[in-house]
Amino acid sequence: MKLNTKSRKIFSMTKMAMLILVLSVFASSCKNKEKQAQDDKPGMSLDGTIEGFNGTLKACTNYGEKELGKVVVKDGKFTFSHDFPVPTQLSFETDDRSVYINFWAENAVMTLLAKKETLHFGGQSMDRYVAVVTGGEMQAGADHYSKAQKEYSKNHPSEMDYYGKIHTAKTEAEKKALEEEQKKAKLAYLEFQKNYIKNNPTNPYCAQLVWVRLTSKTGGESAAVLKEWADPIDANTRKNPFVAKMFKMLNSMLETEAGLDKFVAGVHNVKYKVDNSYKGAVHKNVVYLSMMQNDKLCALVSDFGVHDNYNSHNMTGEKKQAKNFFVQIIDPNGKELKRFNVNANGLASSIAVDDQDNIYVLSTLQKVIEVNFRGRKSKQLRNVGVECNVYNTTGDKLKTFELAGREYATGARIYKDKLLVSDVGKGALGIYNKEDGKLLSTIDDLRPCCSILDFDVDKKSGQVLAANLGSFRVDAYELSGKKVVSFGKRGRSLDDFHSCCNPVSVRRLDNGAVITVEKSPTRIKVYTEEGAKMIEGIEELVEGCFHIPVMSDSKSNIYLASPEKGLVKCIVM
């Protein structure tokens, strides 16, 4: 059948309409598939409301550790999305912290509603935002624990309640009595936390209670003790990524804590005494120690006081000058052989010597900045980098380079062609090429405290021994960062590390023994297969939370530095 002209036109238009319809359906299907793919993609999707606020916020993880980006809040509303494979503490904050909202973020559909409230204290008032966050298991668990904690606090004093009373105690007897009450309050709270885990085994936040004790100076217990804390957590709850992360660390600690005997295998009954003939008392204000060939001691010295040097790490707004530092070369009897001034752009803080007796002086570069906190401006001293200056034994500067990724240089050692530098600010240790300062690798998750983070390197194995005083442990790592040995816990016995945080220094001796250095009171312990033994006859080397530098020579003699009492030498009996 032949179509007339009009019919052909209608037929053609019909085919075109059908084609358009097919293409529309196809495009819609693609969009739906794309949307479905986006919906199926793992990640957190959050709808937020901050009443009465308009502006830009920073999104930061773990109390400012990493900034994820900016969030624009318009008419109090905003959205935020990000992939959190492991539940993580997330904050939304302004630069001056006038807005600061912190919560647990995870891959879920979540909502946030924040309202402003006014706090009154000491005749002053401060506005803050209080947020209710829903949709995440970890945050729900944190809220449940917070309610239980508030109920507990109604009838139990906290450890913090006693600090002011202890400070204002009129007699020593009153002070000691308050300290005992404070200790009981702390132990009672720990028991409350332990029982909470037992009674709430399906709450993933229980893993955070264990994690804090694993990783911070508030803990210091052995891995075996913390295993008792963690054991009640439900098997299904252990599938939560954060809970699994905690158990991975705990199991690693259980494995490495069992290795101390192997670490000092074959080392027996090493005993020391103080060398009273050593003439080192005149060498005061030593910042750091290293060892040269022929057992000559190399000391970095400050002529304005070690404690002033320590305070300069804090945010005082006052900058120390590098001309106040010098290097001393000292013979085995304590006699000075040579000294020269340090010419650097920063605050000299550690020193290392290579097998050619080249001297590496590490300096922390500092800058005074203006900070705005809740409308109040102040000047603070911030560390911005690390500079390395290399000298020969006559004091000639050979080279200068900066170390990428470092903010502090609190400790330094050289192993073969590598320069290792600890960074108290980042809780890490950087491994560099000693010729040009190129970063090779990093050991993270170290536990500093009180602006102290020191370490040593085993000359034979190349293993790094870190004095992780924040967790009351010594941990040994391979250069790859793998932990191989861990020992120590918080306590008062000889096998424990005491006080606020210890040990402050560690050293692997040529005879195979390991020594640790503790402050407040001073305890120098030697570890062999027989366990720990304290070196007798050493007076108090520092008062308060300060570092005690340590070094040893080829005969395994030990050198310790005190700002007021100079150098102390201990010799093998």
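Tabulated data for the structure shown
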{"read-out": "Per DSSP, loop GluC sites (Glu not before Pro) in segment 58-148 with at most 12 further Cβ within 10 Å", "value": "Glu65"}
{"read-out": "All lysines inside 26 Å of Lys77 as judged from Cα atoms, apart from same-chain residues fewer than 8 positions distant", "value": "Lys35, Lys41, Lys58, Lys66, Lys115, Lys116"}
{"read-out": "Per residue solvent-accessible surface (Å²) - the chain, probe of 1.4 Å", "value": "50"}
{"read-out": "Nonlocal amide H pairs with Leu365, under 5 Å, H built at 1.01 Å", "value": "Leu347, Val384, Gly385, Val386, Glu387"}
{"read-out": "Whole-Hz ³J(HN,Hα) from phi, Karplus 6.51 cos²θ - 1.76 cosθ + 1.60, for segment 386-391, glycine and proline x", "value": "10, 10, 10, 10, 10, 10"}
{"read-out": "Cα→Cβ-extended label distance, 7 Å offset, between Arg128 and Ser146, nm", "value": "1.0"}
{"read-out": "Theoretical FRET efficiency, 1/(1+(r/R0)^6), r = Cβ-Cβ of Val109 and Glu65, R0 35 Å, to 0.05", "value": "0.90"}
{"read-out": "Where labels lie 7 Å past Cα in the beta-carbon direction, separation of Lys397 and Glu564 in nm", "value": "3.6"}
{"read-out": "Label point distance in nm, Lys198-Val368, each placed 7 Å from Cα along Cα→Cβ", "value": "5.7"}
{"read-out": "All Cα pairs of the chain, percent lying beyond 39 Å", "value": "41"}
{"read-out": "Fraction of antiparallel bridges per DSSP, segment 376-528 only, in percent to nearest 5", "value": "100"}
{"read-out": "Burial ranking of peptide ranges 464-477, 255-268, 149-162 (average Cβ count within 10 Å, highest at the top)", "value": "464-477, 255-268, 149-162"}
{"read-out": "FRET E, pair Lys271, Asp417, Förster distance 30 Å, beta-carbon r, rounded to 0.05", "value": "0.25"}
{"read-out": "Rounded tilt (10° steps) of 206-215 against the dominant C-alpha axis of the chain", "value": "30"}
{"read-out": "Rounded, prolate or oblate (a/c below 1.5 giving rounded, otherwise prolate when a/b exceeds b/c) for segment 447-489 by Cα gyration tensor", "value": "prolate"}
{"read-out": "Kirkwood Rh, angstrom, segment 440-514 [1 / mean 1/r, Cα pairs]", "value": "12.6"}
{"read-out": "10 Å-binned pair-distance histogram of segment 346-471 (Cα, whole percent)", "value": "13, 42, 30, 11, 3, 0"}
{"read-out": "Partners for Lys416 among lysines (Cα-Cα distance below 23 Å; same-chain residues under 8 apart left out)", "value": "Lys296, Lys397, Lys399, Lys434, Lys438, Lys459, Lys460, Lys482, Lys483, Lys555"}
{"read-out": "Estimated 222 nm signal from helices in the chain, with DSSP H stretches of n ≥ 4 weighted -39500 (n - 2.57), rounded to 500", "value": "-7500 deg cm²/dmol"}
{"read-out": "The chain: relative contact order in percent, alpha carbon pairs under 8 Å with at least 6 residues between", "value": "10"}
{"read-out": "Solvent-accessible area, 1.4 Å probe, carbon plus sulfur percent, for the chain", "value": "51"}
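The values are calculated or read from the model by the stated rules, or taken from the named source; none is laboratory data. None of the values given here were measured: they were computed from a predicted structure. Counting neighbours? That spans all protein chains shown, and the Cβs are built from the backbone with ideal geometry, glycine included. Remember, those area values only see protein heavy atoms, side chains included, never the ligands or the DNA or RNA. Shrake-Rupley method; radii C 1.70, N 1.55, O 1.52, S 1.80 Å.
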